[in-house]
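What follows is one structure encoded as structure tokens, with my remarks underneath.
The values are calculated or read from the model by the stated rules, or taken from the named source; none is laboratory data. What you see is a predicted model, and the numbers here were worked out from it, not measured in a lab. Here Cβ is always computed from backbone atoms with ideal geometry, including for glycine, and neighbour counts include all displayed protein chains.
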Amino acid sequence: MNRKGLSIILFALGLTAGCGGSGSHSIIEVSISQPPPGIIAPNNSASIAATITGTKTGVTWSCTPGNTATSCGSFNPSTTLSGVTTVYTAPPTAVGSVAITATSVKDGTPSAPANVQISTSGGLSGNYSFYLSGFDGNNKNGIYSLAGAVSIAVDGTLTGEEDYNDAGGITLPDVPISSGSLSFSPTTGLGSLTLVTGNNSLGVNGTQTLALNFVNNSHALIIQADASATASGSFDLQNLASTPAGGFSFVLSGAGNTGNSDFFGGVFTVSGSSVSNGMYDQNIAGSIGMGKTFATATLSQPADGFGRGTLTGTGIGNTIAYYIVGPEVIRLIDVDGSRTLVGSAFGQGASAGNFGNGSVGNSVFSVQSNLAGIPFGAIGQIVPSGTNFSGVADVNEPDPGVGFADAQTISGTYSIATNGYGSLNITSATLGPVSVLGIYATDPTLNLNDPNNTTSPGPGSILAGAVVVDLDTDVAGSGVLVPQTDTATTSFAGNYALGLQDLVPDTGEFDFAGNATAATGSLSGAGILNDPADVLQTTEPLVNSGTSFTSTLVSDGVDQGRYLLDPINVIVGDGAATITYQAIVYQANGGQLLWMENGADGNDSVFTGLIQQQTLPLGAAARKAAVKKTQK
């Protein structure tokens, strides 16, 4: 527990185990302090806990109807002390509503029951793609990439396929997913996805556990949340009838098999299986290549029911697999052993061939390295004018001798060619090593962070977003640039899904996916944290661990659309440790915000991530609500 700057406060155990009074005069109270998710798939498990005051004898767990493993589920152990978790395992079939109760061993005082639905897939069905990148401590380089797709039937059964690559000796293209399950709470969006491959190189004994928080029925933020690895990414509904065509902009990020950082960004055109007009930039461990071109590239059409195809002949990798999200969105993963890369290609729509400097308006941007050895993040907002721009930005690079800079005034020049290929040069030298960004413009109607969202930015949007690659020699990273259309503080309110990927130099990372409520002056919520490498240096690694946080949200008062979170009190694990963070938030609009850890908190780490407004309830609950509304 000597990670520099992390203020880890261990609370004395047993504070709630006995409250004053003597013997029989103590008032015994029981409450379920860590409830299960709202929906659990059959045979799936969840950790739950109860707090009991007035006695030290603990609680006994039971459920209705029936109190048997087949009728309502089972508990291991069946008796626990105050605050200690038990593992609840759902019954083998979808029995519907189950009530879980914790009862005092001493006097039979029960808690109010925690209700859970035992249901397949939470009422969602269809085809979903996913992609993630993160840290795997089992290989020499740490970084790995994962992409795939699953088909979830109405009865909850799940099949799929995936590609995995760590460039450290394990490259597994087109691995079948034989089974799995999806469960989540329709009222918070928080849940879990398991993928069973039977390949012991993946997950724990061939089963990967992913935690997710749904933004809406078509999109979720997702992390890998088991002891084998940790990562962040996206989970999105597929349109398998899609055929990629027209102009695309793309970004790929990862590492080579020697551990060096590899980032690529550029543009290309698809016509049938032919890929032409490929132009890209690269940053390979600070070696910059700009304006490079594809050789003779080919895009195969998906050949199975999961939307998987291949992109070859780019010169970046021998074979890049892809998974369809929609006609203008595909997820990319390099499946060569020489490097691990993952990313996306986004369509340019009707703007293809018609881009220019006027295509980009007021925007927010975020870039981050996904390498544990040299992590950094930068986040800000720009106001273009002709070929120039001005703005404000923050940078956090915990590498010794670099540090952080808050609310820096930035300015410079930018250019975007008709094919969407462009650059942004920060000439004011206020962001330290961050000075050259490659920007690759996308269809103005696309939401890059929620690709099935057709209402924001909507069909009438004329300002383009872009994918971004840092092209500096001292840092390397990738990210997005998003049109900024609403900076009103009153718009940042309601229910949100949020995620972050926290990187610590030469150590590794942890990832978080959860939900939050934004209100005047505060942002608070809960979710799942995964830290298998024990980056947080708690008493033991936190794997798929329930975590909550509270924070004070303050508009900085100078730059509209920029907020400070100070502090973010993160309660990790079973509540035995509190970590205080600071963060900076930039608002693209009330439904989409970008955030980054503020280096001023002294934690010697950097996270970036997304904050996205939710549409609740989800799944079957959403459909029932819609029916009731129609019938009124």
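Applying the condition of being acidic (Asp, Glu) and surrounded by fewer than 18 Cβ atoms within 10 Å (Cβ to Cβ) to the range 527-558 and asking which residue is nearest to VAL572 (Cα to Cα) yields GLU540. Restricting attention to the range 106-120, the residues being more than 15 Å from CYS63 (Cα to Cα) and buried (at least 18 other Cβ atoms within 10 Å of the Cβ) number 2. Note on the range 145-185: residues that are hydroxyl-bearing (Ser, Thr, Tyr), buried (at least 23 other Cβ atoms within 10 Å of the Cβ) and not in a strand (DSSP E or B) amount to 1.
Just need a number here: residues in the range 392-421 that are at positive phi and in a strand (DSSP E or B).
Residues that pass the stated criteria total 3.
The sole residue among ALA533, ALA497, ALA526, ALA513 that is at pLDDT below 95, among the aliphatic types (A, V, I, L, M), in contact with a Gly (Cβ under 6 Å, 6 or more places away or on another chain) and under 18 Å from GLN614 (Cβ atoms) is ALA526. Would you confirm whether any residue within the range 327-342 is buried (at least 21 other Cβ atoms within 10 Å of the Cβ), assigned to a loop (DSSP other than H, G, I, E, B) and touching a residue at least 60 places away in the same chain (Cβ under 8 Å)? Yes: the range 327-342 contains one or more residues that are buried (at least 21 other Cβ atoms within 10 Å of the Cβ), assigned to a loop (DSSP other than H, G, I, E, B) and touching a residue at least 60 places away in the same chain (Cβ under 8 Å). Please verify whether the range 251-267 includes one or more residues that are more than 27 Å from the chain's Cα centre (by Cα) and surrounded by fewer than 22 Cβ atoms within 10 Å (Cβ to Cβ). The answer is no; no qualifying residue exists.
Being outside any strand (DSSP E or B), crowded, with 19+ Cβ neighbours inside 10 Å, in contact with a Ser or Thr (Cβ under 9 Å, 6 or more places away or on another chain) and touching a residue at least 12 places away in the same chain (Cβ under 8 Å) narrows it down to one residue among LEU210, LEU202; which is it? Reasoning before the result, please.
On the way: LEU210 fails: outside any strand (DSSP E or B).
Unique residue meeting the criteria: LEU202.
Looking at this structure, is GLY305 more than 30 Å from GLU509 (Cα to Cα) and not charged (D, E, K, R)? Yes; evaluated as a whole, the condition is true for this residue.
Return the residue satisfying two criteria in turn: it lies in the range 574-596 and is farther than 30 Å from SER461 by Cβ and touching a residue at least 40 places away in the same chain (Cβ under 8 Å), and of such residues it is farthest from the chain's Cα centre (by Cα). Top of the filtered list is ALA576. Just one of the listed residues (GLY305, GLY286) is more than 20 Å from the chain's Cα centre (by Cα), at pLDDT below 95 and over 21 Å from ILE439 (Cβ atoms), and it is GLY305.
For the range 189-196, the criterion of being assigned to a loop (DSSP other than H, G, I, E, B), crowded, with 24+ Cβ neighbours inside 10 Å and touching a strand residue (DSSP E or B) at 6+ places or on another chain (Cβ under 9 Å) is met by at least one residue. When LEU481, LEU523 are checked against the criterion of being over 30 Å from PRO327 (Cα atoms) and either outside the structural domain of SER228 (by TED's automatic domain parsing) or of a type in the set (Val, Ile, Thr) (or both), a single residue qualifies: LEU523.
Only one entry in PRO186, PRO173 is more than 21 Å from the chain's Cα centre (by Cα) and not basic (Lys, Arg), namely PRO173. Of all residues in the range 437-461, those satisfying the criterion of being without any contact (Cβ under 8 Å) to a residue 40 or more places away in the chain and surrounded by fewer than 23 Cβ atoms within 10 Å (Cβ to Cβ) are THR454, THR455, GLY458, PRO459, GLY460, SER461.
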